[in-house]
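What follows is a short report on a single structure.
Since every read-out is calculated from the coordinates, none of them should be taken as a lab result. Just so we're clear, the structure is a prediction, and the values are computed from it rather than from any experiment. Glycine gets a Cβ as well: all are built from the backbone with ideal geometry, and neighbour counts include every protein chain shown.
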Amino acid sequence: MNILTPFEYFAPATLDEALELLATKENAKVLAGGTDLMVQLKEKMIHPVNVIDITHVPELNEFKCEEGQGAVLGACTTDAFCEFSEELKAKFPAFAYAAGEIGGPQVREMGTIGGNLANSGPSAETPASLICYRAQLVLASKNGERTIPVEDFITGNRKNCLEAGEIIKTIILPEPAANTFVKYGYVGMRSSMEIDIANMCIRLDVEDGEIKDAMCVMGSVAIKPLISEAVPAALIGTKVGDEEAIKAAAEAAQSEVHPITDVRASAAYRVDVIGALCRRLLRELAAEIN
Ligand SMILES: Cc1cc2nc3c(=O)[nH]c(=O)nc-3n(C[C@H](O)[C@H](O)[C@H](O)COP(=O)(O)OP(=O)(O)OC[C@H]3O[C@@H](n4cnc5c(N)ncnc54)[C@H](O)[C@@H]3O)c2cc1C
């Protein structure tokens, strides 16, 4: 049995209190849903002296999704909330779908979007779609707040740009344009409780059936979400659903990834999966748009 190393537990009721504790308590770790953190504590991968449970802080649980105003999610918004929110499913379907593919139902009831981002695992489910929707993070510390795009937040394998005493406060999703379409997909060993072999999100901005702008973000194929340069180059200016362009985009995506072989898949299989995901998502987008 894994017995936890003792630590002091704090459950602040306000954001100020949480930030004060983070600034003053030595070797402190933030606890949200605990679905990543508790595993790391049990496996003795980390040894915090103080654990600060942020789930009771009202600002970190706020949710706004108004007509024409995008959405604002407190960092402790659960994966399950995003999966089932009718507003998010209507406005940000690829993100709601991605949140609903994390672990199993029990994990999603506890796990939070802030935790998924702050854990910064290479195969994490939500970063690719958040990047495609141009999401921003508000980071807060005792010294104030700063806002950064999600694509700049994750810097490596379980590394991000959070500074000491800083937490993710809010995730801001701008209102998508009416001509923006986004799809997320992944391949894993089975349909639940798996870690992705590879994942991908594609955004198309379309006018009169022509792709005016595109973005493709790939996960689990590099130390952090990989933003493709070659896929947009293959797609912009082509007609949605053009099979030649779809094939060129898939080959472009494959040319950019240099994944590792691990217990889940070989590098060669991951490259195959990236091509298949790209073709599948572009065909699904074409079916939706045309
Ligand atoms: C069985 C199982 C299956 C899983 N499957 C998947 C999966 O398919 N896909 C996937 O992406 N993940 C998966 N996970 C991982 C996990 O469930 C998610 O990453 C979850 O969203 C993490 O949120 P949390 O609130 O539980 O984070 P926690 O465990 O509370 O925290 C994770 C890390 O983030 C930090 N942190 C948390 N919130 C903040 C904040 N607001 N500001 C700063 N730092 C913060 C913590 O200090 C810790 O380092 C799985 C986990 C389990 C146990």
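List of remarks:
One line per residue, one yes/no per condition, for (1) in contact with a Ser or Thr (Cβ under 8 Å, 6 or more places away or on another chain); (2) within 11 Å of the ligand (Cβ to nearest atom):
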{"site": "53", "(1), (2)": "no, yes"}
{"site": "57", "(1), (2)": "yes, yes"}
{"site": "66", "(1), (2)": "no, no"}
{"site": "75", "(1), (2)": "yes, yes"}
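- Scan region 40-83 for residues that are within 23 Å of the chain's Cα centre (by Cα), within 29 Å of residue 178 (Cα to Cα) and surrounded by fewer than 19 Cβ atoms within 10 Å (Cβ to Cβ) and the total you get is 10.
- Residues being closer than 22 Å to residue 36 by Cβ and of a type in the set (A, V, I, L, M) - total across region 158-186: 5
- Selection from region 56-102 of residues that are in contact with a helix residue (DSSP H, G or I) (Cβ under 8 Å, 6 or more places away or on another chain), without any contact (Cβ under 8 Å) to a residue 40 or more places away in the chain and in a strand (DSSP E or B): 63
- Residue check, residue 188 buried (at least 17 other Cβ atoms within 10 Å of the Cβ), closer than 27 Å to residue 249 by Cβ and within 8 Å of the ligand (Cβ to nearest atom): yes
- Single residue of region 131-165 satisfying the filter (small (Gly, Ala, Ser) and away from the ligand (no atom under 13 Å from the Cβ)) that is surrounded by the fewest Cβ atoms within 10 Å (Cβ to Cβ): 144
- Those residues of region 25-48 which are near the ligand (Cβ under 7 Å from one of its atoms), assigned to a loop (DSSP other than H, G, I, E, B) and in contact with a strand residue (DSSP E or B) (Cβ under 9 Å, 6 or more places away or on another chain), in sequence order: 32, 33, 34, 35
- A count restricted to region 196-239 and to residues that are in contact with a strand residue (DSSP E or B) (Cβ under 7 Å, 6 or more places away or on another chain) and buried (at least 19 other Cβ atoms within 10 Å of the Cβ) stands at 26.
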